[in-house]
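Enquirer: Would you mind keeping the following structure in view while I ask a few things?
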Amino acid sequence: MTTIFDLSLLAFEPPGWGKVLLVGFLRSIELAAGGYLLGILIGIFGATGKLYGNKVVRDLLEIYTMVIRAVPELVLMLLFYYVGTDLLSRASTAMGFGSVNIDGLTAGILVIGLVQGGYATEVIRGAILAIPRGQIEAAHAFGMPPSKVLRRVTLPAMTPHALPGMANLWMIATKDTALLAVIGFSELTLVTRQAAGATQSYIMFFLAAGVLYLALTLVSNLALRRFERYARRGLVSAR
Amino acid sequence: MANEPAIEIRDLRKRFGSLEVLKGISLTAGQGDIVAIIGGSGSGKSTLLRCINLLERPTSGEVAIQGETYRMRASRHGDLEIADRRQVQRIRAHLGMVFQNFNLWPHRTVLENVIEVPIHVLGMKRDEAVHRAEKLLDRVGLGSKQSMYPGFMSGGQQQRAAIARVLAVDPLAMLFDEPTSALDPELVGEVLSVIRDLAAEQRTMMLVTHEMAFARDVASHVVFLREGVIEEQGPPEQIFGDPRSPHLKQFISSVA
Ligand SMILES: Nc1ncnc2c1ncn2[C@@H]1O[C@H](COP(=O)(O)OP(=O)(O)OP(=O)(O)O)[C@@H](O)[C@H]1O
Ligand SMILES: [Mg+2]
């Protein structure tokens, strides 16, 4: 029994694996946060492109969101990772910079961000459509330039409508980081597997990892709820 | 400059697909004129008003504000399109529109709604914008409500806030599209009395309304629109006291 729940194995200093787990956990958070923010950016551009862009832009974005939502995430990530790094190093060799090695964190953020962006585009597009059209029209009627209308009216007004969907996307982002273990990122799931393999304490380490993921979710939920309250400050809830 | 009409509309046509909604409208509002536009539902009143600030692009014809004609060009889908976006933005910044459904920005407080355009479109300093907004809110009777979000106020209060938002840009002309139609009957009076106040200051206005008694009272000129044409126009005493067209007679007796 002591081998299954030997808590000293979670100690911060070696031979404990606590520090390794925590570093992996932080790595997961970095990946998730970076990918999520990138996804929001892509989502804003994607949604406005889909709503206000010309035919070419709209068609390209349609293909992007379709592919993202149709193909399993793991496949997408492998594809983006291998094709992306390959293309990048080819491009840089062709331009005479020699081969580059994009670091793992950047690559991981790009991969997660591209996947998140596809879903975020749809969430934000729907949220913009939910804004009563008169609010945007009023801004135009006062001569506000379109870029300002987007920043000062459309985006803040769509935020409460986008939040439930975007909160889900954050939860998915945190868990998608685990998929990157397949490519060899030392995020929480990979280091947990290493720790478990080395010590044979599978149950304990995977429970520990589970607790960490859960803690992240609980804290995120609190933050999201606060933000939702702020974003809905002017809305009368019909409950 | 001072003699230029505030709003001049020349042979304006607008079609939605195969439906021709405005069939050649020419109409002028001089400085300080208060033009009331009346007519049945679907006669094109809102469309006419929305062509003045180009929320709706005309199919043909011209609109000039203070003597400056919008630069438009033909587009592929039949209507005119804006040829000079900056010109349109500059003119719009001085045309205030009051909407039937208020269209305040719900994520901003009443005060923030009123200072938004002065600061972010006209480039006014924040202190000055706030100072002016406070005065305007006092004037429309919302001095104590400035930090409320519009969604939590009555329709009458929201519409008065929307009027303050328009006054904050010191408009060359104010466009009202049925400003009291979305209000409970007991709230209509408070909004009308604010508009009546503005009318007394000789502010140029174009006002679409179903409140005939009000139109008769404040308008300097009344326009009866029917099926996309101006069927009759004139001073209120004539339009309401001695209507010529049978349709106008019928319209007046049906709403009175
Ligand atoms: N965006 C649009 N697309 C197609 N048809 C439209 C559009 N806007 C207005 N119409 C049509 O144009 C006609 C005139 O509409 P408009 O809103 O100008 O009438 P109105 O005189 O303001 O009526 P009401 O008193 O009901 O507000 C109506 O038949 C309406 O259905
Ligand atoms: Mg109308």
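The values are calculated or read from the model by the stated rules, or taken from the named source; none is laboratory data. The shown structure was predicted, so the numbers you read here are calculated from the model rather than taken from an experiment. A quick note on method: Cβ atoms are made from the backbone with ideal geometry, for glycine too, and the neighbour counts reach across all protein chains shown. Remember, those area values only see protein heavy atoms, side chains included, never the ligands or the DNA or RNA. Shrake-Rupley method; radii C 1.70, N 1.55, O 1.52, S 1.80 Å.
Enquirer: So which residues in segment B:72-90 are open to solvent by 80 Å² or more (accessible area, probe 1.4 Å) and among the hydrophobic types (A, V, I, L, M, F, W, C)?
Expert: Hit for segment B:72-90 is B:ALA74, nothing else.
Enquirer: Of all residues in segment A:184-208, how many are open to solvent by less than 30 Å² (accessible area, probe 1.4 Å), touching a residue at least 60 places away in the same chain (Cβ under 8 Å) and not hydroxyl-bearing (Ser, Thr, Tyr)?
Expert: Qualifying residue count for the region: 9.
Enquirer: Suppose we keep only residues that are among the β-branched types (Val, Ile, Thr) and within 16 Å of ligand 2 (Cβ to nearest atom) within segment B:196-214. Which one would you say is farthest from B:LEU27 (Cα to Cα)?
Expert: B:THR209
Enquirer: Please verify whether A:SER89 is open to solvent by 60 Å² or more (accessible area, probe 1.4 Å), hydroxyl-bearing (Ser, Thr, Tyr) and in a helix (DSSP H, G or I), treating the condition exactly as stated.
Expert: Against the criterion (open to solvent by 60 Å² or more (accessible area, probe 1.4 Å), hydroxyl-bearing (Ser, Thr, Tyr) and in a helix (DSSP H, G or I)), A:SER89 does not qualify.
Enquirer: Something else: Is there any pair linking a residue in segment A:132-144 that is more than 7 Å from chain B (Cβ to nearest Cβ) to one that is open to solvent by 10 Å² or more (accessible area, probe 1.4 Å) and at pLDDT 95 or above, with Cβ under 6 Å and at least six apart or on different chains, and which?
Expert: Here the result reads none, with nothing in segment A:132-144 linked to a residue that is open to solvent by 10 Å² or more (accessible area, probe 1.4 Å) and at pLDDT 95 or above.
Enquirer: Looking at A:VAL71, A:VAL111 in this structure, which one is of a type outside the set (D, E, K, R), open to solvent by 10 Å² or more (accessible area, probe 1.4 Å) and more than 14 Å from chain B (Cβ to nearest Cβ)?
Expert: Answer to the check: A:VAL71.
Enquirer: Quick check: is even one residue across segment A:2-23 among the hydroxyl-bearing types (Ser, Thr, Tyr) and not in a helix (DSSP H, G or I)?
Expert: Yes: one or more hits.
Enquirer: With within 23 Å of B:ALA168 (Cα to Cα) and free of Cβ contacts under 8 Å to residues at least 12 places away in the same chain as the only criterion, which of B:GLY241, B:GLY189 stands out?
Expert: Just a single option satisfies the conditions, and that option is B:GLY189.
Enquirer: Another question about this same structure. Quick one: B:ASP242 ticks every box in (1) crowded, with 16+ Cβ neighbours inside 10 Å; (2) under 28 Å from B:GLN31 (Cα atoms) except a single one, so which number is it?
Expert: Every listed condition holds for B:ASP242 apart from (1).
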